[in-house]
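Worksheet: one structure, shown below.
The values are calculated or read from the model by the stated rules, or taken from the named source; none is laboratory data. Quick caveat, the model's predicted, so the values are computed rather than measured. Surface accessibility is based on the protein's heavy atoms, side chains included, excluding ligands, DNA and RNA. Shrake-Rupley method; radii C 1.70, N 1.55, O 1.52, S 1.80 Å.
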Amino acid sequence: MKMNDILDDRVIDLNAHATDKDDILTQLSGKLQKAGYIDNAEEFKKDIYLREAEGCTGIGSYIAIPHGKSDSVTNVGIAIAKLDEEIEWETLDGKGVKLVFLFAVSNDTAYARNHMLLLADIARKLGNDEAVESMLMAKTIDDLRAVFG
């Protein structure tokens, strides 16, 4: 499974506005629920925060990859937000976040495997400064797709 296989316009916002981490997690969880990836946004958010307590998901370069294994996940997916303003987030480089990849991960073992494949696909791109810059500059979903093409 590759990133381009699951990019879904319904759960991507490249012009997001959020005041803080909780605000963007609420927005993205709502999009995932509305699109049928999760059945309970509040339960999903609680599971995200349980995972956040284990270690920071802000990986640096203005990017965060929050996720949490949750029984509320009904379908593997990734909600993406490109923020109009940097928000505070616990990160490895001490910078805030402008791009959030929120993984919907089920407790089911098969789903967990797909999650690891997707994470590996994203990690390859995040190790490339040009790819990161292209993601941060993306104006359209097609621009984002091109990075993962």
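Remarks
- Heavy-atom SASA rank of H17, H67 (probe 1.4 Å, accessible area, largest first): H17, H67
- Linear extension gain, L50 paired with E85, 0.36 nm per residue minus alpha-carbon span: 10.0 nm
- Extension gain from K34 to M137, taking 0.36 nm per residue of separation minus the Cα-Cα distance: 34.4 nm
- For S70, the residues 5 or more places off, or on other chains, whose built amide H falls under 5 Å of its own are V105, S106, N107.
- Rounded to 5, percent antiparallel among DSSP beta bridges of the stretch 1-148: 50 percent
- Per residue accessible area of the chain, 1.4 Å probe, in Å²: 49 Å²
- For the residue pairs K46/K139; K98/K125; K21/K139; K69/K139; K45/K125; K95/K125, the alpha carbons lie more than 24 Å apart in K46/K139; K69/K139; K45/K125.
- Overall dimensions of the chain as given by Cα atoms, namely Rg and Dmax in Å: 13.8, 36
- Accessible surface of D129, taken over heavy atoms with a 1.4 Å probe and every protein chain present, rounds to 120 Å².
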